[in-house]
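One structure is given here, and the rest of the page talks about it.
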Amino acid sequence: MTTIDERLQQVRARIARACVQHGRDPAGVRLLAVSKTWGPEAVWQAWQAGQRDFGENYVQEGVEKVRSLRALGASDLVWHFIGPLQCNKTRPVAEHFDWVHSIDRLKIAQRLSEQRPAGHKPLQVCIQVNLDGGANKAGVPAAEALALAQQVAALPRLQLRGLMCIPEPAPDFAAACRVFGQLAALRVQMQGQLQGQMPEQRLDTLSMGMSDDLEAALASGSTLLRVGSAIFGPRAYAAGAAASVSGKEK
């Protein structure tokens with residue numbers, strides 16, 4: 001049976017090959033292990049194999065894992081919330097996570113800002129953009145991303161880092177690159193516009209690419225890959241749950 005350690009090595013090798021092929025520096029790419037539905041023991045194994053960034057989609061499950069791993073002594077983990085976030089669930093995310101990738105409306109950002117404990121480092125956040133208008137409706141339309149980014153960047157206790165997308169599965173490599181390329185181009189456009197108003201603001205993060213399309217994402221400029229099944233193995237969802245998780249990180 002393939003272990004988490006072995007899968008991590010395989011994913012890192014894929015990233016290294018893709019970076020060489022597309023002229024990227026592997027040091028500029030961050031690997032986020034999506035540990036949703038997996039227990040603390042799986043995260044612990046990945047941590048022992050050198051993985052430090054972990055992503056969660058569900059608030060209660062994620063907070064429980066954050067607490068469990070800290071109790072075990074894994075205090076150097078970086079926790080990313082990457083799923084849809086409701087207004088009544090923002091406080092535990094603001095209190096326990098280091099990143100939020102799924103900001104798609106101002107109210108969520110305002111609540112995270114208000115609820116981030118004063119003693120914590122600023123919460124690192126990304127704007128989620130809906131590029132293709134597919135079945136996955138989460139994310140702000142590209143035409144509205146700049147206005148939202150300007151508002152989010154002005155909030156205290158948050159640091160705007162970049163953009164995130166979860167596009168519909170593409171039929172081939174070229175099609176995936178076209179979609180990811182849209183987010184990369186939008187980041188460049190927004191960076192120029194934001195810096196004219198906020199010279200200190202840097203959009204240095206493109207959160208895009210999962211287990212099945214990480215090569216296309218890297219070819220298109222991704223700086224943060226969200227990889228789950230290629231590290232932890234196939235997920236076994238409860239009966240009837242498949243529809244509720246369609247389009248989320250794999």
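Observations on the model:
- Approximating the spin labels as points 7 Å out from Cα along Cα→Cβ, the Glu61-to-Glu200 distance works out to 3.8 nm.
- Ordering Ala13, Leu158, Val179 by the projection of their Cα atoms onto the charge dipole of the chain, which places +1 on the Cβ of Lys and Arg and -1 on the Cβ of Asp and Glu, puts Leu158 at the extreme positive end.
- Contact order relative to length of the chain, as percent, for alpha carbon pairs under 8 angstrom and 6 or more apart: 20
- Approximating the spin labels as points 7 Å out from Cα along Cα→Cβ, the Phe173-to-Lys121 distance works out to 3.6 nm.
- Averaging Cα coordinates gives a centre for the range 115-182 and one for the range 34-54; these two points are 24 Å apart.
- Label-to-label distance, nm, for residues given as Arg17 and Arg52 (7 Å Cα→Cβ offset): 2.7
- Spatial separation of Cα centroids for the range 2-24 and the range 63-103, in angstrom: 26
- Estimated dipole of the range 55-167 in Debye, rounded to 20 [Cβ of Lys and Arg +1, of Asp and Glu -1, Cα centre]: 280
- Annotated for the chain: lysine pairs at least 8 residues apart or interchain, Cα distance under 17 Å, count 7.
- Exposure proxy order (Cβ contacts within 10 Å, fewest to most) of Lys89, Lys137, Lys65, Lys36: Lys137, Lys89, Lys36, Lys65
- Taking other Cβ atoms within 10 Å as a rough exposure proxy, Phe173, Phe180, Phe232 sort from fewest to most as Phe173, Phe232, Phe180.
- For the range 1-132, size of Cβ-based charge dipole, Lys and Arg +1, Asp and Glu -1, in debye: 200
- Which of Leu214, Ala109, Gln191, positive extreme of dipole for the range 76-227 (C-beta unit charges): Ala109
- For Rg and Dmax of the Cα atoms in Å, computed directly from the structure shown, the correct entry in (1) 17.2, 54; (2) 20.1, 64; (3) 19.3, 83 is (1).
- Summing charges over neighbours of Gln110, with a neighbour being any other residue whose Cβ is under 12 Å away from its Cβ, gives +4 when K and R count +1 and D and E count -1.
- Taking the number of Cβ atoms within 10 Å of each Cβ as an exposure proxy, the fewest-first ranking of Val78, Val11 is Val78, Val11.
Coordinate-derived values only; no laboratory data. Values in this document were obtained by computation on a predicted structure and should not be read as measured data. Neighbour counts run over all protein chains shown; Cβ positions are idealised from the backbone, glycine included.
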